[in-house]
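Asker: The structure under discussion is supplied below as C-alpha cells; questions concerning it will follow.
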2 protein chains.
Amino acid sequence: MAIAIDAMGGDYAVTVPVEGAVNAVNDFGIDVILVGKQTEIETELKRYNYNESKLHIENCSEVVEMHESPAQALRQKKDSSIRIAVNLHRNKQADAVVTAGHTGASMATAKFVLKSIQGIDRPAIATVMPSLKNPCVILDIGANADCKPEYLLQFALMGDAFSRCLLSVKSPRVALLSNGEEEGKGNLLVKESYDLLKESTLNFIGNVEGKTMFQGLADVIVCDGFVGNITLKVAEGTFDFIKQVLRDEVSKSWVAKLGYLGMRNPFQSLRKRAEYTDWGGAPLLGIQGMVIICHGNSTAHTYRNAIKHAQECVDLGLNEMIAREIMENETLLQTAESKAVVAI
Amino acid sequence: MAIAIDAMGGDYAVTVPVEGAVNAVNDFGIDVILVGKQTEIETELKRYNYNESKLHIENCSEVVEMHESPAQALRQKKDSSIRIAVNLHRNKQADAVVTAGHTGASMATAKFVLKSIQGIDRPAIATVMPSLKNPCVILDIGANADCKPEYLLQFALMGDAFSRCLLSVKSPRVALLSNGEEEGKGNLLVKESYDLLKESTLNFIGNVEGKTMFQGLADVIVCDGFVGNITLKVAEGTFDFIKQVLRDEVSKSWVAKLGYLGMRNPFQSLRKRAEYTDWGGAPLLGIQGMVIICHGNSTAHTYRNAIKHAQECVDLGLNEMIAREIMENETLLQTAESKAVVAI
C-alpha cells in the first residue's frame, strides 16, 4: 500500500506536503510517494528522521499553476505533479492520491485518467462537517455547479456509502438541502430529486434547511456543487465574522480580556469541533480510484490525516460499496435519465 | 400616512403585533391600522396608553393558517387579515403593509392585488445583513427559487435602489454571490447574469464568495431565492451552533463561567451586530406598493422598526427609484428576454 502525494500542490509546497508525508510515515507506517521536483523534495527531507524504505520520490518537471484552466493543464502539462501522481495510481503503483493543488485541474485529471465508476455521470466532492450531534457528510461541495436530479441521486448514494464505510453509520439518514423542510419545497432540481430519492433504496428523510443542518438531523446532506460550495463558505465566513467582531470587542476592555482568558478552553473546543482539518481532505467520489482533495492552505496535520483517510477509503472498500449501491438503484437511475432525454 | 399591520400574522399574534404597533405610534407618531379580529385587538390594546387618534382597527373574520397553500389562501380567504391589509393599501387608505404571517400567502396576495412594477417579472425579498464594515443588502432571499438571468438583473437594480434610498450609499457596489470570484465562475445562471450585469448601469464589481460576503466588499449581493434562503439560514445555523457549543463548554467549568461574565459586553455587541431584528422586516421589492415581510417569530421591537422602515421606503420614493432604474436598463432587459425566447 502506498499513497501518492502531490508535493507541488497547495500554498506551502513543498514544505508542508513533505512534512505531512513524513508524519504519515512515522505515525501510521504508511508508504508514501512524494511526486514533485526531486531536488526540492530531497532538500526538504533532510530536516526529518523517517524510515527511508517507506518514503519514495517520483520526479516530475512541471507544476499546474493556479491561474491555468483545467483543460489547459490536462492538455499541456503531462509531466505535472498531479498528472504523474494520478498516473502512478492508474498503474497500480499507488493506491490513492492526495493533493492540495489546483482543484479543477486535479478533478479533471482524475476523471480523465481514472474514469468514472459505472453508473456515475459526475464525480462529486464530499466532506465531513460538524453538527451538534454526529458528524455529517455533505456533497457535492464544488465539483458540479449545474446538476440534474439523477446526479443528486448518485451523490446521495455515494454519500450513503461514505457514511457507512468511513463513519460507521448503519443506516445513514439522507436529506436534501432545501429552502424548507416540507415536501414540495425547493427549486426545480430539489423537487425532482426529492421524488427520485424517495423511490431509492436510501433511508431518505426529506429536506433539511440551512438553519437546522448543524443540528445533526441527517447523516448525509445532498446538494448541487454550487449550493454546497456557498453553504460551506458561508459557514466559514460566519465563523470568521464572529471571531473578528469578538476580537475587536475584547480588545476594548480589560474585563473582556480577562474574560477571554477564562474562556480559552471553550473557544479551543469550539475551534476543534468546527475545523475540518482534523478530518483531512475531501474525497472525489465516483471515480475508479481514490483521490483526496485538500484545501490549498492545508497544514502538515491535514496532509497526515488525509493520507490516513485515503488509506481507509481503499481498505474499507468505499468504491466497491458505491458500485453496489448504484447497481441496486440501476433501474431508477435509468428511468430518470430516459425521462430527462424525453424532456429535452 | 398610515401603515396597515396584519395583526393576526406571526407566532405571537395578536399580542406582539399590537405591542409593536403601539410602540410605533408612541415612538414615531406614525398612524397605524391594526387589521384583525377586532375584539381580540381591543382586549390587547387595553394594556397600553397611546394616542387613540393615531391607531385604528379594521376588523376581519379570517386568518391564513401556516399549513394553507398561497393559492388556496388567495382564492378562499378573501376576508383574511393579510388580504384586507393589502386591500386597504391598494385603496390608498394605507401607505404600506407590515406582516409576519404566512410568507407565501403574503407575497401571493401582494403580487395579485397590487401587481408588479412595470418591467419587473418577479418581485423579490430583500434584507439587510451585517458585515465587518457596511451593512449590505441581499436579495432574493426566498421569493423565487428558480430564476432566469434577467430576473437577477432586476433584483440587482432593485437592490441598488434600496441601497441608495435607505442606506444612503451613493454608488452601491453590486455583486453576484458565486462559488468563485473570477469571471467565469458560477452556475449557468450566475455566468449568464454576470454578462448582463456587466452591461447594465450598475456599479457591478463581479462575484463575491460565501466566505468573503461578510467582509463588506459589496453593498448589494444578488442571488436566486433558493441560494439566498440557504445562505441566510446557514449563517443563522452557524451562529446557533457556535452559541450552543460555547454554552455547553462554559457550563463545564467555573473558570469558563467567570470568563463568560467578563465577556458579556463583547457577546452583546456581537448579538446586536448579527441580528436582523433591528433593521426590522424585509420588503417585497418590485410591487406597486410597499409590503414588509417579517419573520414569524418577530418581536414587538421588530414590528416597531418594520413599521418605521415601511414609512421610510414610501417617504424616500424607493419604488420610484426602482422604476427609474428599470427604465434606464430597458433595452438590456428586453434583449435578455428576447434572447431567452429564442433559446427556447
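Asker: Looking only at the range A:57-95, how many residues end up being outside any helix (DSSP H, G or I) and in contact with a Cys (Cβ under 7 Å, 6 or more places away or on another chain)? Before the answer, list the steps.
Answerer: Here is the first cut: in the range A:57-95, the ones outside any helix (DSSP H, G or I) are A:57-69, A:77-80, A:91-95.
When the remaining residues are screened for being in contact with a Cys (Cβ under 7 Å, 6 or more places away or on another chain), the result is A:79-80.
Of the residues in that region, 2 qualify.
Asker: Sticking with this one: For B:GLU181, state whether it is surrounded by fewer than 19 Cβ atoms within 10 Å (Cβ to Cβ) and touching an Asp or Glu at 6+ places or on another chain (Cβ under 8 Å).
Answerer: Working: surrounded by fewer than 19 Cβ atoms within 10 Å (Cβ to Cβ): yes; touching an Asp or Glu at 6+ places or on another chain (Cβ under 8 Å): yes.
Considered against the rule, which asks whether it is surrounded by fewer than 19 Cβ atoms within 10 Å (Cβ to Cβ) and touching an Asp or Glu at 6+ places or on another chain (Cβ under 8 Å), B:GLU181 comes out as yes.
Asker: Can you tell me which residue in the range A:233-255 is surrounded by the most Cβ atoms within 10 Å (Cβ to Cβ), limited to those that are more than 19 Å from A:ILE141 (Cα to Cα) and charged (D, E, K, R)? Give the derivation first.
Answerer: Step one: of the range A:233-255, the residues more than 19 Å from A:ILE141 (Cα to Cα) are A:240-255.
Still in the list and also charged (D, E, K, R): A:240, A:243, A:247-249, A:252.
Numbers: A:ASP240: 15, A:LYS243: 14, A:ARG247: 11, A:ASP248: 13, A:GLU249: 19, A:LYS252: 12.
Restricting to residues being more than 19 Å from A:ILE141 (Cα to Cα) and charged (D, E, K, R), the top hit is A:GLU249.
Asker: If you take the residues in the range B:222-232 that are buried (at least 24 other Cβ atoms within 10 Å of the Cβ) and not in a loop (DSSP other than H, G, I, E, B), which one is farthest from the other protein chains (Cβ to nearest Cβ)? Lay out the reasoning, then the answer.
Answerer: Within the range B:222-232, the subset buried (at least 24 other Cβ atoms within 10 Å of the Cβ) is B:222-224, B:226-231.
Those still in the list that are not in a loop (DSSP other than H, G, I, E, B) too: B:222, B:226-231.
On the way: B:VAL222: 13, B:PHE226: 4, B:VAL227: 6, B:GLY228: 9, B:ASN229: 4, B:ILE230: 4, B:THR231: 5 Å.
Only one residue fits best here, namely B:VAL222.
Asker: Sticking with this one: Could you grab me the full set of residues in the range B:130-148 that are surrounded by fewer than 22 Cβ atoms within 10 Å (Cβ to Cβ) and within 10 Å of chain A (Cβ to nearest Cβ)? Spell out the reasoning first.
Answerer: Residues of the range B:130-148 surrounded by fewer than 22 Cβ atoms within 10 Å (Cβ to Cβ): B:130-135, B:146, B:148.
Of everything in the range B:130-148, those that are surrounded by fewer than 22 Cβ atoms within 10 Å (Cβ to Cβ) and within 10 Å of chain A (Cβ to nearest Cβ) turn out to be B:PRO130, B:SER131, B:LEU132, B:ASP146.
Asker: Does B:GLU44 satisfy being in the same structural domain as B:GLY104 (by TED's automatic domain parsing), out of contact with any Gly (no Cβ under 7 Å at 6 or more places or on another chain) and either modelled with pLDDT under 95 or in a loop (DSSP other than H, G, I, E, B) (or both)? Explain how you work it out, then say what you get.
Answerer: On the way: in the same structural domain as B:GLY104 (by TED's automatic domain parsing): yes; out of contact with any Gly (no Cβ under 7 Å at 6 or more places or on another chain): yes; either modelled with pLDDT under 95 or in a loop (DSSP other than H, G, I, E, B) (or both): no.
In short, no.
Asker: Among the residues of the range A:208-221, count how many are more than 7 Å from chain B (Cβ to nearest Cβ) and either surrounded by 19 or more Cβ atoms within 10 Å (Cβ to Cβ) or of a type in the set (Ser, Thr, Tyr) (or both).
Answerer: If we filter the range A:208-221 for residues that are more than 7 Å from chain B (Cβ to nearest Cβ), which is where we start, we get A:208, A:215-221.
Those left that are additionally either surrounded by 19 or more Cβ atoms within 10 Å (Cβ to Cβ) or of a type in the set (Ser, Thr, Tyr) (or both): A:208, A:217-221.
Final tally of qualifying residues: 6.
Asker: Report whether or not A:LEU258 is without any contact (Cβ under 8 Å) to a residue 24 or more places away in the chain, surrounded by fewer than 17 Cβ atoms within 10 Å (Cβ to Cβ), at the interface with chain B (Cβ under 7 Å from one of its Cβ atoms) and farther than 23 Å from A:LEU285 by Cβ.
Answerer: On the way: without any contact (Cβ under 8 Å) to a residue 24 or more places away in the chain: yes; surrounded by fewer than 17 Cβ atoms within 10 Å (Cβ to Cβ): yes; at the interface with chain B (Cβ under 7 Å from one of its Cβ atoms): yes; farther than 23 Å from A:LEU285 by Cβ: yes.
Against the criterion (without any contact (Cβ under 8 Å) to a residue 24 or more places away in the chain, surrounded by fewer than 17 Cβ atoms within 10 Å (Cβ to Cβ), at the interface with chain B (Cβ under 7 Å from one of its Cβ atoms) and farther than 23 Å from A:LEU285 by Cβ), A:LEU258 qualifies.
Asker: Are any residues in the range A:92-129 of a type in the set (S, T, N, Q) and surrounded by fewer than 24 Cβ atoms within 10 Å (Cβ to Cβ), and if so, which ones? Give the steps one after another, and end with the answer.
Answerer: Here is the first cut: in the range A:92-129, the ones of a type in the set (S, T, N, Q) are A:93, A:99, A:103, A:106, A:109, A:116, A:118, A:127.
Selection gives A:GLN93, A:THR103, A:SER116, A:GLN118, A:THR127.
Residues are listed down the side, and each one gets a yes or a no for (1) at pLDDT 95 or above; (2) over 27 Å from B:GLN288 (Cβ atoms); (3) of a type in the set (A, V, I, L, M, F, W, C):
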residue	(1), (2), (3)
B:ASP121	no, no, no
B:LYS133	no, yes, no
B:CYS136	no, no, yes
B:ASP160	yes, no, no
B:VAL174	yes, no, yes
B:GLU182	no, yes, no
B:THR201	yes, no, no
B:MET213	no, yes, yes
B:GLY216	no, yes, no
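Asker: Right, something else. Can you report the number of residues in the range A:3-30 which are buried (at least 18 other Cβ atoms within 10 Å of the Cβ) and not in a loop (DSSP other than H, G, I, E, B)?
Answerer: Number of matching residues: 14.
The values are calculated or read from the model by the stated rules, or taken from the named source; none is laboratory data. Just so it is clear, the model here is predicted, and its values are computed rather than measured. Backbone-built Cβ (ideal geometry, glycine too); neighbour counts: all protein chains shown.
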